[in-house]
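Rule-based calculations on the coordinates, nothing more; no lab input. None of these values were measured; they are calculated from a predicted model. No Cβ is skipped: glycine too gets one built from the backbone with ideal geometry, and neighbour counts run over all protein chains shown.
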Amino acid sequence: MTTTTKLSIKTKIGYGLCTAAEGIPSNLLNVYFVFFLTDIVGVRAFLAGLILFVVVLWDALIDPIIGGLSDNHVTEKGRRLTWMRASLLPLAVVVFLMFSPFTFVGVVGESIYYVLVAILVCTSYSAFIIPYFAMGGEITKDYSERNNLRFISTFFYYPVFLLAASGPMLIWEWASEQGYTDREAWGFIGAVFAVLLLIICGIGLFLIRNCEKDSIKTAIESKKKRVKESYLKIWGNCLRIKSFRKIIIWIFVYMLSVSMLNTVVVFFMTHNIGMSESEQALFWLVFVGATVIFLPIVTKFCNIFGKKPVMLFCMSPCVIAGFILFFTGINSMAIMYLYTVIYVLASSSFFAFYIGYAYDCVEIDEFKSGVRKDGSMSSLASFAQQCGMALSLPFTGLYLELTGYDGMAETQTDSALQGILTLATLFPSILALIALFLLFTYPVSKKKYELLSKAIENKHNGLPYSTDGFEDLF
């Protein structure tokens, strides 16, 4: 595989469709699971946050293991694709079970069930999405082509996100009108999204069934050179790369910010603004519409100027807006939508390209060791993402409870409403500001990456090479 590997339209579309395995389970879990537990099941806010903390922490811990296993899984018939095919059906089943209308006696029984089901969701999700991420770095090494692939993936992700974000409210509203209970309505939600997951990802897997042909040859050669090492040693070697350490910390801190805001957005719309289910569905439509507009522009500028300067530019306005709105409040729909558009610019650029930084660091490691660790490094990036999410969840639930939030109450107290506002503005902005500083210190630029890729190609072909222009990466 050379640095100029181009991908077919069919492969890009198929890869993009497979992002439904990320968009459906993760958003149902992150956006609605705490709300479902507090306002439908009746679990206390802190306990709901603690349940999700345990689940996401489990997800974070298994990500690097799955990444290492998929790195070592090399066959002539497939590598990452075999993992994705095997995990799709189990993932769809547990998505249904996550919101199933089954009832249990007592809080303990309810809690155990939802912890176990959500753990199964995360396990099957990681078994699909970690190989999916790793495959994106293997099937092409071209800087712009990788950015384009991440753009296609994210472009497909957000319509799926729209379904997962607005669909539950619309289904809930319809089921209520038909006379179904809230628990039964959420059972419909689980079933609908399980079927959608199977259909969309099934088509995607069919379209990319042959995309690993070239990368498999490289992987087989790399496996022959690989010395058997423990996972801890592999991860340690990855983290010795200074650029990669910075990216891991950046992802972790920014996900603390994003997860906190994502967790409370439904609470904010429901209680602070008083939006109906259909109005919330319209909100998610605007959210996705703004994303679809921004993504092609952001991708184009990333291909021209590189990811880092563009992302710094996209993320800064959201930090400023969060600080301002904490003091002024979000007192109208217009202000809320303005904040949403600014947030979309930041979050869409992050989720589109954060995994691309891991791809950059794979090349640094390959230049030094001669071995590619796409799965391990992609999974460590996902590990940082999940750890950031996991840590924010119990804090969010505890802060809601300390401010007096009660999911079963008809109306919330002023202190609870102020607590929701703080979680939606001030705290995320403080964390995002720290993340911006971390990204600013990241040394890999588009030019340095291209010089590095050319040096790797020359090294593999036995031609002269040097580190001129990118010495600081080592």
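Looking only at GluC sites (Glu not before Pro) in DSSP loops with at most 14 other Cβ atoms within 10 Å, what is the longest site-free stretch of the chain? Let's see the in-between values first.
Details: sites that count: Glu76, Glu229, Glu410.
After excluding every exposed loop site, the longest remaining stretch is 230-409.
Would you be so kind as to identify which of Asn272, Ile119, Thr328 lies farthest towards the positive end of the dipole of the chain, taking Lys and Arg as +1 and Asp and Glu as -1 on Cβ and the Cα centre as origin?
Among Asn272, Ile119, Thr328, the one farthest towards the positive end of the dipole of the chain is Ile119.
What FRET efficiency comes out for the pair Gln178/Ile9, r = Cβ-Cβ distance, R0 = 41 Å, nearest 0.05? Show your work: numbers first, answer last.
Values: r = 42 Å, r/R0 = 1.02.
Here the calculated transfer efficiency is 0.45.
Just the C-alpha atoms of the stretch 16-447: what Rg/Rh do they give, with Rh taken as the Kirkwood radius? Please report the intermediate quantities before stating the final value.
Values: Rg = 21.0 Å, Rh = 21.9 Å.
We get a ratio of 0.96 for the stretch 16-447.
Averaging sequence separations of C-alpha pairs under 8 Å and six or more residues apart, then dividing by the length of the stretch 16-447, give the relative contact order as a whole percent. All intermediate terms of the calculation are to be shown ahead of the outcome.
Details: 624 pairs, mean separation 135.0, N = 432.
With pairs under 8 Å counted, the relative contact order is 31 percent.
Mind listing the Cα extents of the stretch 251-366 along all three principal axes, in Å, largest one first?
Cα spread of the stretch 251-366 along its principal axes, largest to smallest: 53, 26, 23 Å.
Quick one: angle between helix 45-72 and the longest Cα principal axis of the chain, in degrees between 0 and 90, rounded to 10, please.
The angle comes out at about 20 degrees.
If all Cα-Cα distances of the stretch 25-125 are sorted into 10 Å bins from 0 onward, what percent lands in each bin, rounded to whole numbers?
15, 43, 26, 12, 4, 0
Return the FRET efficiency for the residue pair Ile273, Leu239: r is the Cβ-Cβ distance, R0 is 51 Å, and the value is rounded to the nearest 0.05. Write down the numbers at each step before the final one.
On the way: r = 43 Å, r/R0 = 0.84.
The calculated FRET efficiency here is 0.75.
How much mean residue ellipticity at 222 nm does the chain get from its helices, if each DSSP H run of length 4 or more adds -39500 (n - 2.57) and you divide by all residues, to the nearest 500 deg cm²/dmol?
Working: 18 runs with 368 residues, N = 474.
Dividing the helical sum by the residues of the chain leaves -27000 deg cm²/dmol.
For Leu312 paired with Asp468, estimate the spin-label separation in nm (one decimal), with each label point 7 Å from Cα along the Cα-to-Cβ line.
Between Leu312 and Asp468, the label points sit 2.7 nm apart.
Roughly speaking, what is the centre-to-centre gap between the stretch 351-377 and the stretch 134-182 when only Cα atoms are used, to the nearest Å?
25
Note the full-extension length gain between Ser415 and Arg85 as 0.36 nm times their separation in residues minus their Cα-Cα distance, in nm to one decimal. Please report the intermediate quantities before stating the final value.
Numbers: separation 330, 0.36 × 330 = 118.80 nm, distance 4.81 nm.
Going from the current span to full extension adds 114.0 nm.
Mind pulling the angle between the C-alpha long axis of helix 374-402 and the longest principal axis of the chain? Nearest 10 degrees, somewhere in 0 to 90.
With rounding to tens, the tilt is 20 degrees.
What dipole magnitude, in Debye to the nearest 20, does the stretch 16-447 give about its Cα centre under +1 on Lys/Arg Cβ and -1 on Asp/Glu Cβ?
Working: 30 positive and 29 negative charges, 490 e Å.
Around 2360 debye, computed over the stretch 16-447.
By how many nm would the segment from Leu116 to Lys213 lengthen if fully extended, with 0.36 nm per residue of separation less the alpha-carbon distance? Could you put the intermediate results ahead of the total?
Values: separation 97, 0.36 × 97 = 34.92 nm, distance 3.74 nm.
Extra length from Leu116 to Lys213 when fully extended: 31.2 nm.
What is the angle, in °, between the Cα long axis of helix 277-305 and the longest principal axis of the Cα atoms in the chain? Nearest 10 is fine, range 0 to 90.
Helix 277-305 sits roughly 20 degrees off the main axis of the chain.
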